[in-house]
Each structure stands twice: as C-alpha cells, then as structure tokens.
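A.B. asks: Sharing a structure, written as structure tokens. Questions coming.
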Amino acid sequence: MSSARTIYHMRVEQIIDHTPSVRELVLKTETPAEFSYKAGQFVMLNVPQGEAKPILRAYSIASDDRIKNGFRLLFKFVENGVASTFVWNLKGGELLNFTGPFGKVFFQEPPTEQILFLNTGTGLSQHICYLLSKKELYPKLKYRMLFGVRSEKDMYYKPELDALVKELPDFKYEFVLSRPSETWTGKKGYIQNFLSEYDYKNIPTTFYMCGNGGMIKEIKHQLIEIDGIDKSRIWAEAFD
C-alpha cells in the first residue's frame, strides 16, 4: 500500500514546549507497529474536522531514522492556524493519524567534506534528523549550522545541539538573531549575511536549507547565480 494511503496511528507520548511558539511532540507507533522513513522526509498530520474530511499539514521528522517505533515533530505556532490550534490543545496520550513518509530531500551520499545546514524556525527539524541519523556513519565531516531565530527568547534545542557538539569532532553551530537584545554578542541579522565565513568555494560543500522561503531564495541566488555553485550541491525545503 502506498505511503499516501496507509494511515499510521501514533500515540502522543510526550509534549515539550521549547518556547511559547515552538512545541515538540514525541510520538510512538500503535498501528501499524513499525514506521520506516529516510532522514529528510516528512509526514502529513491528519487534523480532525468533526464529520468533515481531515485537513492535512506537513511536518518534517526531527529524529533518528533508525528508530522504527515512533518519531518527533516540531511545530511552530501560527495564530488561528487549524493545525496549531489542534496541536496546542493536546494534553498528551491522544492518538493522532498520519500518512507518509513523503519527500526526496535526502542526505547526499557519499557526502562532501563540508556540510552546511542553514535553517530558520522549525526548519531545524530536518537537519537534526540528518545529524542524528548519519553521525555514526560520517562522524568526521565538517558540519556547520546557522540557526536563524528572531530573539533570545526564541532560541531552543541548545542542549540537543550541544550534545552533538560533544559527539561529533567537527560540528559547530551558531544562532543568528534578527531582533536580538542589546546584550546579545552573537551573530545578528540574517543567515544569508554569513555565508562567506565558510570558504565553500575552496572546500567541497553540500548546502541544506530548511525554513523561510525568502532566506532560501536569497541564498540560492548567491550560490548559483553569483558563485556558480553546482545545483546538485544545494538542497532546500521551504517552511512557509
């Protein structure tokens, strides 16, 4: 049966609120008992609508693809959003319906020497999935990540990223804040302003972008039109 037709019933095992606008669901399979996917794929949440047909919303999986009995999803709150209203009303223990997996933005193998992850908001989910799924297979790559959020209060997943820094000998990440406080000493502005720091013209690099469509468009323009980077090294998925 196709992934679009098989309905997976997943139990909400844990709810984690990272910020007021970012919620994580830890889900476990009920039926079917196994869910297989490849790093980079997404699922469709079937948002119930009473007697009407469910509304479908897509979310990238944010966990290790070697785990077959569940996964994690990150959600960004959208004011009056159908899926946001549903997810933020969950208390834990509910049974949710999903279809999938979908998507073909996979981690490219064999990998290049340098991997550059560029994400905003919950676009982090796809890149966390790559790192968790491939860290044992490719532990010595030069992994770099720029994680764009609005302000300090919007920063999340720092403990998880710090754990990866300890596990991987050449993984570094930095938050980029578009509206930081006056005391912020890290990167300010937008991800696209800091591309030149990574010497990708001299180091074989694969680019993975996930998040804001405007960010993706600007970076693609810089890489392809200005720098002449081969399109096969650029992989993107917009979260708008």
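Coordinate-derived values only; no laboratory data. Everything numeric in this text was worked out from a predicted model, so none of it was measured. Please note: Cβ atoms are built from the backbone with ideal geometry, for glycine as well, and neighbour counts cover all protein chains shown.
A.B. asks: What does the net charge come to around residue 43 if you take all other residues with beta carbon closer than 13 Å to its beta carbon, with K and R at +1 and D and E at -1?
C.D. replies: Values: positive: 38, 57, 72; negative: 65.
With Lys, Arg at +1 and Asp, Glu at -1, the net is +2.
A.B. asks: Multiply the residue gap between residue 160 and residue 11 by 0.36 nm, knock off their C-alpha separation, and tell me the result in nm, one decimal place.
C.D. replies: Values: separation 149, 0.36 × 149 = 53.64 nm, distance 2.30 nm.
In short, 51.3 nm is gained.
A.B. asks: Let me ask you something else. Put a dot 7 Å past each Cα toward the Cβ at residue 67 and residue 89; how far apart are the dots in nm?
C.D. replies: 2.8 nm
A.B. asks: How much mean residue ellipticity at 222 nm does the chain get from its helices, if each DSSP H run of length 4 or more adds -39500 (n - 2.57) and you divide by all residues, to the nearest 500 deg cm²/dmol? Display every interim value, and only then the final one.
C.D. replies: Values: 4 runs with 36 residues, N = 240.
Taking each H run of at least 4 residues, the total per residue is -4000 deg cm²/dmol.
A.B. asks: Which one of 110, 88, 124 has its Cα pushed farthest toward the positive end of the charge dipole of the chain, where Lys and Arg give +1 and Asp and Glu give -1 at the Cβ?
C.D. replies: Selected residue: 110.
A.B. asks: Counting Lys and Arg as +1 and Asp and Glu as -1, each charge on the Cβ, what is the dipole of the stretch 81-240 about the Cα centre in debye, to the nearest 20?
C.D. replies: Working: 20 positive and 20 negative charges, 14 e Å.
Magnitude of the dipole: close to 60 debye.
A.B. asks: Can you tell me the FRET efficiency between residue 36 and residue 184 if r is taken as the Cβ-Cβ distance and R0 is 41 Å, rounded to the nearest 0.05? Intermediate results must be reported in sequence, preceding the final value.
C.D. replies: Numbers: r = 42 Å, r/R0 = 1.01.
Computed FRET efficiency for residue 36 and residue 184 comes out at 0.50.
A.B. asks: Measuring from label point to label point, each 7 Å out along Cα→Cβ, what is the residue 82 to residue 193 span in nm?
C.D. replies: The answer from the label model is 3.8 nm.
A.B. asks: What size of dipole, in debye to the nearest 20, comes out for the stretch 8-102 about its Cα centre when the only charges are +1 on Lys and Arg C-beta atoms and -1 on Asp and Glu C-beta atoms?
C.D. replies: So the magnitude is around 140 debye.
A.B. asks: Moving on. Do any trypsin sites (Lys or Arg not before Pro) in the stretch 1-40 lie in a loop, going by DSSP, with at most 10 other beta-carbon atoms within 10 Å of their beta carbon, and if so which? List each step's numbers first, then the result.
C.D. replies: Working: sites: 5, 11, 23, 28, 38; in loops: 5, 38.
Those satisfying the criteria are 5.
A.B. asks: With a cap of 16 neighbouring Cβ atoms within 10 Å, and only residues DSSP puts in a loop, list the GluC sites (Glu not before Pro) found in the stretch 67-156.
C.D. replies: Values: sites: 79, 94, 113, 136, 152; in loops: 79, 94, 113, 136.
For GluC sites (Glu not before Pro) across the stretch 67-156 that sit outside H, G, I, E and B with at most 16 neighbouring Cβ atoms in 10 Å, the list reads 79, 94, 113, 136.
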